[in-house]
Amino acid sequence: MRVPPILVVLALTAGLAASADADGLLTLEDAIARARGQHPDARSAVAAEREAEARLQQARAGWFPRVDYVEGWQRGDQPVFVFSSLLTQRRFTESNFLIESLNQPDPVNNFRTAFLVEQALFDGGATRAAVRAARAGRSLAASGRAQAEAALAEAATGAYGRVLLIEAQEAAAAAAVEAAEADAARARDRRDAGLVTDADVLALEVHLAQMREQHITASGEATVARAQLNQVIGAPLDARFSLVLPAAAESTAPDATGLDADALSRPEVQQARLRETIAAAAESAARGAYLPHVTFQGAYEFNGGTFGDRVSGWIVGAQVRVNLFKGLADAGRLMESREAAKRAALSREKAETDARVEVHAARARLDAATARERVGRMAVAQARETQRIVRDRYESGMATVTDVLRAAQATLQAEFQEIGARVDVLVRRAALDRARGRL
């Protein structure tokens, strides 16, 4: 008795017995985990998140003092330099007041060691705005990593499903070749018995050739599909895994209100909101240019004519700087930041609308795929029963070879559609989960 093609398909895709050249069992969950951990996009997203954390650290530095250590040496006979160096070295004497000494001083050395401190007391909110933008940037990078992982999970699901589909089609095509060989042999026996003509045998042999061609094509496409899956999960391109077709399950999704809430939590919407926050911080920083900047400065230094003989001194002070006019550059920067903030708000509104549309479209596509799967199961059962009846009628001389070919083709097509529908449900469910921000 011929094994039904669908059983061959399930035996192939169930992964219960790995082939000798297989690299092991690979479930859909394993494929997603590999893609999220090994794909270059995932590693790049992790690096981007670390970059954002480093930028936040840089922005926070504006709240802390800047401390510099300076070691320097100068030598010259420039009058002002000689005068000031002798004073800082506390070596100035009455003879240095002589006109000749003032105008034509001997060259001197000045070895200087200094510790400089500078602290911004008020910078018009620039540091606060920079930290706010950097925090939003860090969250943006984290959201980008989540988005990359979701995209890779969907890509892995699609590649995994394509391999399942192509391999199932390959197995179904192999079963169709087996059935066509049996039909051709049966026709030859009937021809030898004088019940049919050579035309029937020729027609079935042509059908057998077509089935073999389909099997060869499916084998080639399966090789390509496996390579694409391996690329997504970060495995060697020639790796060959045994895959498992997940069990069919009825999809359950929340109502429209729940879908909208899920859509607004997805990474793309979060990123749009964070970009709006960054734009607002830039606008705040631009306004700060019109405010006074107050800075504290201090220095403790050692000066001497030789490296080992120096005297200490210190100085502290504060500075207030108010920008009165800068060629309207600050006005232009403020206007630019305001328009950028408006554009970011519009982009956020568009992202929210797009997310709502996508999640409802994904739900509709999943419902359609689920319905196709149910119809496909019924169509396969009907096609098999029809093929059985037609074969019995052909053996009894009550049907033509054309009827046999038509029934065989209808069965193969029904099996292809049923397998495709099952894989489509798998992919559409992943698309819905991503649209809901839950993948």
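The values are calculated or read from the model by the stated rules, or taken from the named source; none is laboratory data. Please read all numbers here as calculations on a predicted model, not as lab measurements. Heads up, the Cβs are rebuilt from the backbone with ideal geometry, glycines too, and the neighbour counts pull from every protein chain shown. Areas reflect the complete protein model, heavy atoms only, side chains present, ligands, DNA and RNA absent. Shrake-Rupley method; radii C 1.70, N 1.55, O 1.52, S 1.80 Å.
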Only one residue in L121, L102, L87 is open to solvent by 40 Å² or more (accessible area, probe 1.4 Å), over 30 Å from R266 (Cβ atoms), at pLDDT 90 or above and part of a helix (DSSP H, G or I), so which one is that? L87
Going by what's in this entry, would D189 be described as touching a helix residue (DSSP H, G or I) at 6+ places or on another chain (Cβ under 9 Å), at pLDDT below 85 and either in a loop (DSSP other than H, G, I, E, B) or more than 20 Å from D30 (Cα to Cα) (or both)? no
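Do we find a residue being polar (S, T, N, Q), open to solvent by 20 Å² or more (accessible area, probe 1.4 Å), in a helix (DSSP H, G or I) and closer than 30 Å to L202 by Cβ anywhere in region 344-353?
no
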Run down R384, R438, R372, R428 and say which single residue is over 24 Å from R191 (Cβ atoms), touching a Lys or Arg at 6+ places or on another chain (Cβ under 7 Å) and open to solvent by 50 Å² or more (accessible area, probe 1.4 Å). R428
With the structure loaded, tell me whether S143 is in contact with an Asp or Glu (Cβ under 9 Å, 6 or more places away or on another chain) and assigned to a helix (DSSP H, G or I) or whether it fails that test. yes
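To keep it simple, each residue is scored yes or no on (1) in contact with a Ser or Thr (Cβ under 7 Å, 6 or more places away or on another chain); (2) part of a helix (DSSP H, G or I); (3) not hydroxyl-bearing (S, T, Y).
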{"residue": "A371", "(1), (2), (3)": "no, yes, yes"}
{"residue": "R384", "(1), (2), (3)": "yes, yes, yes"}
{"residue": "R393", "(1), (2), (3)": "no, yes, yes"}
{"residue": "G397", "(1), (2), (3)": "no, no, yes"}
{"residue": "A407", "(1), (2), (3)": "yes, yes, yes"}
{"residue": "R429", "(1), (2), (3)": "yes, yes, yes"}
If only one of A155, A199, A150 is open to solvent by 40 Å² or more (accessible area, probe 1.4 Å) and under 30 Å from E276 (Cα atoms), which one is it? A155
Do we have any residue at all in region 403-414 that's of a type in the set (S, T, Y) and open to solvent by less than 60 Å² (accessible area, probe 1.4 Å)? yes
When you scan region 256-266, do you find a residue that is surrounded by 15 or more Cβ atoms within 10 Å (Cβ to Cβ) and at pLDDT 90 or above, even just one? no
Which one is modelled with the highest pLDDT among residues in region 380-439 that are closer than 23 Å to D198 by Cα and polar (S, T, N, Q)? Q387
